[in-house]
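S.K.: One structure, as structure tokens, below. Some questions next.
Rule-based calculations on the coordinates, nothing more; no lab input. Just so you know, these numbers come straight off a predicted model, no measurement behind them. A quick note on method: Cβ atoms are made from the backbone with ideal geometry, for glycine too, and the neighbour counts reach across all protein chains shown.
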Amino acid sequence: MGDRLDTGRARHVAIIMDGNGRWAKKRALPRAIGHQRGVEAVRRLVRALEPMELECLTLYAFSSENWKRSEDEVDDLMNLMRKFIKSDLPEFIANDVKLKIIGDWQSLAPDIVAMLEDALAQTAKGKQTLAVALNYGGQHEIARAAAKAAAKGEVSVESIAAHLDTADLPPLDLLIRTSGEIRLSNFLLWQSAYAEMLFVDTLWPDFEPAHLKQALDDFARRERRYGGR
Ligand code: IPE
Ligand code: IPE
Ligand code: MG
């Protein structure tokens, strides 16, 4: 998990982007439109990332449990993913954003896997990391990491941490969830051990870069203790 130096400034923020469906429902629109507007919120945020000086922003885009949704909704989400990578990859490259994917993304549709591999290669030199959680479940991530650690003959906190999908990222400082739900829904369970949490009522499509700036300011005023005094 790296060092735990409190500088007041967050290095790594993660967001559970929730509430697309409710945003659409409030407007009597199809859920797919809510997801589209959710992608636009992601785009706004990524465009505003540079001056925030974050090293990493991790976004929960599709959970390993989201396969339970209707086939139509899953298709809509996968198609949005395809469109988003195609349309926004040039911007990532231009803005020095390094894409990273966490979760079991290799088992997504082969064309998506190929697009992601290409995007990873093309953004490898970027400065700020945008980590996207796709087909991600925290319990499964821990189980996979523990199995790898065991195969190497040592199961410890350090060896498991070293095999998590996030092993190369800074420690998680702040976890935000939108839409008013107060639960983790299997996101970054291990990494949240000492993360600060922020639950906001804003529905994801309404989330603006100003909300993240506000969250970072709030974070800077929190006192983190890690069990000490
Ligand atoms: C989050 O919005 C997007 C994904 C989980 C992919 P939801 O689709 O969960 O929206 P609500 O929770 O139904 O409002
Ligand atoms: C969590 O939201 C997953 C993502 C935001 C991708 P869900 O909407 O799937 O979570 P639950 O079902 O309300 O716990
Ligand atoms: Mg939801």
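S.K.: Enumerate the amide H contacts of residue 129 below 5 Å, restricted to partners 5 or more residues apart or on another chain; note that Pro and chain-start residues carry no placed amide H.
M.R.: Under 5 Å from the amide H of residue 129: 56, 57, 98.
S.K.: Starting from the Cα of residue 122, step 7 Å toward the Cβ, then list every residue of the stretch 29-48 with an amide N under 17 Å from that point.
M.R.: 43, 47
S.K.: Further question: For every other residue with a beta carbon closer than 10 angstrom to the beta carbon of residue 100, add +1 if it is Lys or Arg and -1 if Asp or Glu, then tell me the sum. Intermediate values should be presented prior to the final figure.
M.R.: Working: positive: 98; negative: 165, 168.
Net local charge, residue 100 excluded: -1.
S.K.: Show which aspartates and glutamates lie in cross-link reach of residue 26 when reach means a straight Cα distance below 17 angstrom and same-chain residues fewer than eight apart are skipped.
M.R.: The qualifying aspartates and glutamates are 18, 181, 201, 206.
S.K.: A further question follows. With Cβ to Cβ distances under 13 Å as the rule, what net charge do the other residues near residue 188 carry (K, R +1; D, E -1)? Can you show the working numbers first?
M.R.: Working: positive: 177, 183; negative: 141, 165, 173, 196.
With Lys, Arg at +1 and Asp, Glu at -1, the neighbours total -2.
S.K.: Tell me the Kirkwood radius of the chain: reciprocal of the mean inverse pair distance over distinct alpha-carbon atoms, in Å.
M.R.: Here the Kirkwood hydrodynamic radius works out to 18.2 Å.
S.K.: At a Cα cut-off below 21 Å, give the lysines reachable from residue 25, other chains included and same-chain residues fewer than 8 away excluded.
M.R.: Result set, ordered by chain and number: 68.
S.K.: Enter the Cα centre distance for the pair the stretch 122-146 and the stretch 18-82, rounded to the nearest angstrom.
M.R.: Taking the Cα centre of the stretch 18-82 as reference, the centre of the stretch 122-146 is 17 Å away.
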